[in-house]
Amino acid sequence: VPNRPQVRPGIKIPVRGVPHRIVHEPSKRGTVTLSRDERGPLMIVHGDRVHLPRRIADFLKREAKREIEALVVKHTGAVGKRAKAIRFKDTSSRWGSCTSEGNLSFSWRIMMAPRPVINYLVAHEVAHLKEMNHGPKFWKLCEQLCPDTERCKDWLKRNGGVLQAIMFE
């Protein structure tokens, strides 16, 4: 069972695979900005301390919406299929899903994974718009959309539990 770190000032959480040290600066209204200092990347969270975990989760959700929607457009264009809807959830067992109606769902926590892994997840779910299975045709399409499929799939298997374990409550 992975450690269940609570989001708080001083710990590091990854954004697109890059660990950012959380810094709380209560002086401004509740925003989150990414920066860096001499020790490395920072995630600066403004506002009341009690809202810090929610503000970081909200930041990751906004980033997921922006980045994943753009990747969906890219990959659906390549396969010639359209997504009916794109949703973001905080799931504990799946990184993404695709319904037979064409609804795509993604865990916003994927924004903590490296960019190639985010791309792989989107390519995987978009491939389901054409192949609603995990057969050879599906995996061939997945590889066409994301040549890093095997490496990224392995990364999620090895590291996904750590991202799922981070507590934002």
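The values are calculated or read from the model by the stated rules, or taken from the named source; none is laboratory data. Since the structure is predicted, the reported quantities are computational estimates derived from the model, not experimental observations. FYI the Cβ positions are ideal-geometry reconstructions off the backbone, even for glycines, and counts take in every protein chain you see.
Miscellaneous remarks
- Single residue of ARG94, ARG158, ARG115 found to be basic (Lys, Arg), surrounded by fewer than 17 Cβ atoms within 10 Å (Cβ to Cβ) and in contact with a strand residue (DSSP E or B) (Cβ under 9 Å, 6 or more places away or on another chain): ARG94
- Residues satisfying the stated conditions in the stretch 141-159, i.e. free of Cβ contacts under 8 Å to residues at least 40 places away in the same chain, closer than 26 Å to ILE13 by Cα and not hydroxyl-bearing (Ser, Thr, Tyr): CYS146, ASP148, GLU150, ARG151, CYS152, LYS153, ASP154, LYS157, ARG158
- The one condition in (1) free of Cβ contacts under 8 Å to residues at least 24 places away in the same chain; (2) under 18 Å from HIS20 (Cα atoms) that ALA57 fails to fulfil: (1)
- Residues (basic (Lys, Arg) and closer than 16 Å to LYS74 by Cβ) located in the stretch 133-149: none
- Counting only helices (runs of 4 or more DSSP H) that sit wholly inside the stretch 107-169, those with at least 2 residues that are at pLDDT below 95 are 149-165.
- Exclusive hit being more than 19 Å from the chain's Cα centre (by Cα), at pLDDT 95 or above, under 23 Å from VAL126 (Cβ atoms) and not hydrophobic (A, V, I, L, M, F, W, C), set GLY40, GLY96, GLY80, GLY17: GLY80
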